[in-house]
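Asks: Encoded as structure tokens, here's the structure I'll be asking about.
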Amino acid sequence: MSPPIQGFSKLSKEEKIEWIAGRFTDNSEETKKVLKRYWNPDTKLQQLHDEFIENTISNYYLPLGIAPNFLINGKLYAIPMAIEESSVVAAASKSAKFWIERGGFRARVLGTEKIGQVHFTYQGNFGKLQEFIAEITPILHADVADLTSNMVKRGGGITAIILKDRTRAMDHYYQLHCTFQTSNAMGANFINSCLEQFARTLQREAENHRNFNKRERKLEVLMSILSNYVPGCLVRAEVECPVQLLGKQGEMEAPEFAAKMVQAVAIANADRYRAVTHNKGIMNGIDSVVMATGNDFRAVEAGVHAYASKDGTYTSLSHAELVEGNFHFWLEVPLALGTVGGLTNLHPMVQLSLDILQNPSAPELMQIVAVAGLAQNFAALRSLVNTGIQQGHMKMHLLNILNQLLVTSEERIILLQEFEDRPVSYRAVKTALERLRPSP
Ligand code: MEV
């Protein structure tokens, strides 16, 4: 085993590639070729991408697709989606087309509150701590005035600083639980900067507080960080139509289809194994728009799944009901998104995606993303209760199989035609290809 490398980040990009290719891959020349093939020939653009993270050696492509015809609150959108899974964009497009003929999607933001916490320990009288926090609250605000002034101009800022007694969870543990409005920014940097200043102010003021004894003055901040659990930053997306308008679905009449859709959601509510997959389908739609618009999909994933278990059991994020002959299908998800700051100002494809979406505000983007999640869920359930998903999924996957089998363009045309009305599987396509090729 070769020894660990020192100072890897200080090497040039070429040196990093040389090292990684030589030490960790079987064919170092091929590795170098592959990595460099993915460099952008525009050196300035490549440098921009190199500097997003540390130790960049190449780019990692994902397809950017468009799902057109999304009617949301009466406005027409074409939604950009960055995702590798073959059938997601097709499924979203199908749902959009289905619902545009039935009045489209409605979406509404229920809240835009973000949360951050200063976690600290304090050994002393709780009443004295409460008085202390009340007394220093104006100082906490004053100390972050420089950080908040721009945000306040944009309609955001700090909306509350609350002391929480968490000593039941852990000895001497308290929090400053702070809420923020961050306008069109996701706000992570803003929130974390404010919190770190709160921490410094808290510690400084505690050390000098006249009512504290020696032990109480030793208030100790452990960490200050935003929370990705944002149940107050919530959006609702929905569709509704008379059951009869759902139309015949395959062999099923509309009422049977509607009842099966409601049952499908009920199963996701009753069974955790199903709930996770059900919600994964929703995240197919959500993540791909979150990625295309340069937002933090890990933050969204973490927050959404925590929300799915907010009542103590992990359940479906979507809901369905039949009321007075109407089919109603909806979704509520917490989404902390931004349309300014971060990658949105830097990544040309992110800027383009936002442009395609007609430069939405953060609340508008929340609505679009939630609708993409609902559309994806509708498409998945519609297939699942009908033909199953493999038919559509494998159809979309056919191109991947053809690429894997290195077919020629002539073979591709013949095979695409052949599998137009035949079930697709790797084996079936391989057999058909072998039949096409003359045996040696
Ligand atoms: C596949 O990526 C997503 C589905 O499994 C979602 C679902 O089962 O609802 C089709």
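The values are calculated or read from the model by the stated rules, or taken from the named source; none is laboratory data. Small disclaimer: the values here were computed from a predicted structure and weren't measured. Here the Cβ is made from the backbone with ideal geometry for all residues, glycine too, and neighbour counts use every protein chain on show.
Asks: Tell me whether the range 364-372 contains one or more residues that are away from the ligand (no atom under 16 Å from the Cβ), in contact with a Phe, Trp or Tyr (Cβ under 6 Å, 6 or more places away or on another chain), free of Cβ contacts under 8 Å to residues at least 40 places away in the same chain and in a helix (DSSP H, G or I).
Replies: No, every residue in the range 364-372 fails to be away from the ligand (no atom under 16 Å from the Cβ), in contact with a Phe, Trp or Tyr (Cβ under 6 Å, 6 or more places away or on another chain), free of Cβ contacts under 8 Å to residues at least 40 places away in the same chain and in a helix (DSSP H, G or I).
Asks: Name, by its number, the condition in (1) away from the ligand (no atom under 15 Å from the Cβ); (2) within 28 Å of Y77 (Cα to Cα); (3) of a type in the set (S, T, Y) that does not hold for S383.
Replies: (1)
Asks: Restricting attention to the range 105-120, and to residues there that are aliphatic (A, V, I, L, M) and not in a loop (DSSP other than H, G, I, E, B), which single residue is nearest to the ligand (Cβ to nearest atom)? Give the derivation first.
Replies: First pass over the range 105-120, keeping only residues aliphatic (A, V, I, L, M): 107, 109-110, 115, 118.
Right, trim to not in a loop (DSSP other than H, G, I, E, B) and you get 107, 109, 115, 118.
On the way: A107: 21, V109: 25, I115: 30, V118: 39 Å.
Per the criteria, the residue is A107.
Asks: Using the structure shown, decide if R102 is outside any helix (DSSP H, G or I) and either without any contact (Cβ under 8 Å) to a residue 12 or more places away in the chain or under 30 Å from H328 (Cβ atoms) (or both).
Replies: Here the answer is yes, as R102 does meet what is asked.
Asks: Exactly one of (1) over 24 Å from L381 (Cα atoms); (2) touching a strand residue (DSSP E or B) at 6+ places or on another chain (Cβ under 9 Å); (3) among the basic types (K, R) is unmet by K44. Its number?
Replies: (2) is the only condition that K44 fails.
Asks: Another one. Enumerate the helices (runs of 4 or more DSSP H) found wholly within the range 257-356, keeping only those where 3 or more residues are farther than 30 Å from G247 by Cβ, away from the ligand (no atom under 16 Å from the Cβ) and in contact with a helix residue (DSSP H, G or I) (Cβ under 8 Å, 6 or more places away or on another chain). Can you show your working first?
Replies: Numbers: elements: 272-292, 297-308, 348-356.
Correct list: 348-356.
Asks: Further question: Just need a number here: residues in the range 64-77 that are of a type in the set (S, T, N, Q), in a strand (DSSP E or B) and in contact (Cβ under 8 Å) with a residue 40 or more places away in the chain. Outline the logic, then answer.
Replies: Taking the range 64-77 as the starting set, the residues that turn out to be of a type in the set (S, T, N, Q) are 69, 73.
Pick out the ones that are also in a strand (DSSP E or B) and you get 69.
From what's left, in contact (Cβ under 8 Å) with a residue 40 or more places away in the chain: none.
Result for the range 64-77: 0.
Asks: Residue under question is I53, and the condition is that it be in contact (Cβ under 8 Å) with a residue 24 or more places away in the chain and within 18 Å of G294 (Cβ to Cβ); does it hold? Walk me through it before giving the result.
Replies: On the way: in contact (Cβ under 8 Å) with a residue 24 or more places away in the chain: no; within 18 Å of G294 (Cβ to Cβ): yes.
No.
Asks: On the basis of being closer than 21 Å to N377 by Cα, of a type in the set (G, A, S) and over 24 Å from the mean Cα position of the chain (by Cα), does A292 make the cut? Step through it out loud before you land on a result.
Replies: Details: closer than 21 Å to N377 by Cα: yes; of a type in the set (G, A, S): yes; over 24 Å from the mean Cα position of the chain (by Cα): no.
In short, no.
Asks: Could you tell me whether the range 383-405 includes any residue that is over 31 Å from the mean Cα position of the chain (by Cα) and free of Cβ contacts under 8 Å to residues at least 40 places away in the same chain? Write out each step before concluding.
Replies: Initially, the range 383-405 is screened for residues over 31 Å from the mean Cα position of the chain (by Cα), giving 405.
Filter once more, keeping what is free of Cβ contacts under 8 Å to residues at least 40 places away in the same chain: 405.
Yes: the range 383-405 contains one or more residues that are over 31 Å from the mean Cα position of the chain (by Cα) and free of Cβ contacts under 8 Å to residues at least 40 places away in the same chain.
Asks: Also, quick follow-up: Among what's in the range 57-77 and is within 23 Å of the chain's Cα centre (by Cα) and among the hydroxyl-bearing types (S, T, Y), pick the residue that is farthest from the ligand (Cβ to nearest atom).
Replies: Here the residue is Y77.
Asks: How many of the residues making up the range 277-300 are in contact with a strand residue (DSSP E or B) (Cβ under 7 Å, 6 or more places away or on another chain) and surrounded by fewer than 24 Cβ atoms within 10 Å (Cβ to Cβ)?
Replies: Total meeting the criteria: 1.
Asks: Let me ask something else about it. With respect to the numbered conditions (1) under 30 Å from S353 (Cβ atoms); (2) at pLDDT below 95, which one is the sole condition not fulfilled by G250?
Replies: (1)
Asks: What is the one condition in (1) buried (at least 16 other Cβ atoms within 10 Å of the Cβ); (2) in contact (Cβ under 8 Å) with a residue 12 or more places away in the chain; (3) among the hydrophobic types (A, V, I, L, M, F, W, C) that A254 does not satisfy?
Replies: Unmet for A254, out of (1) buried (at least 16 other Cβ atoms within 10 Å of the Cβ); (2) in contact (Cβ under 8 Å) with a residue 12 or more places away in the chain; (3) among the hydrophobic types (A, V, I, L, M, F, W, C): (2).
Asks: Further question: Of (1) buried (at least 19 other Cβ atoms within 10 Å of the Cβ); (2) modelled with pLDDT of 95 or more, E131 satisfies all except one. Which?
Replies: Condition (1) is where E131 drops out.
Asks: Does the range 216-235 include one or more residues that are closer than 30 Å to N326 by Cβ and among the polar types (S, T, N, Q)?
Replies: So the first thing to find is which residues in the range 216-235 are closer than 30 Å to N326 by Cβ, and the list is 231-235.
Then keep just the ones that are among the polar types (S, T, N, Q); that gives none.
No; the residues of the range 216-235 include none that is closer than 30 Å to N326 by Cβ and among the polar types (S, T, N, Q).
Asks: Counting just the residues of the range 78-93 that are more than 10 Å from the ligand (Cβ to nearest atom) and in a helix (DSSP H, G or I), which one comes out surrounded by the fewest Cβ atoms within 10 Å (Cβ to Cβ)?
Replies: A90
Asks: Which count do you get for residues in the range 332-350 that are within 15 Å of D296 (Cα to Cα) and either touching a Lys or Arg at 6+ places or on another chain (Cβ under 8 Å) or free of Cβ contacts under 8 Å to residues at least 40 places away in the same chain (or both)?
Replies: 2
Residue-by-condition table, conditions (1) buried (at least 22 other Cβ atoms within 10 Å of the Cβ); (2) touching a Cys at 6+ places or on another chain (Cβ under 6 Å):
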site: L64; (1), (2): no, no
site: F70; (1), (2): yes, no
site: L76; (1), (2): no, no
site: S95; (1), (2): yes, no
site: F98; (1), (2): no, no
site: F105; (1), (2): yes, no
site: R108; (1), (2): no, no
site: G116; (1), (2): yes, yes
site: Q123; (1), (2): no, no
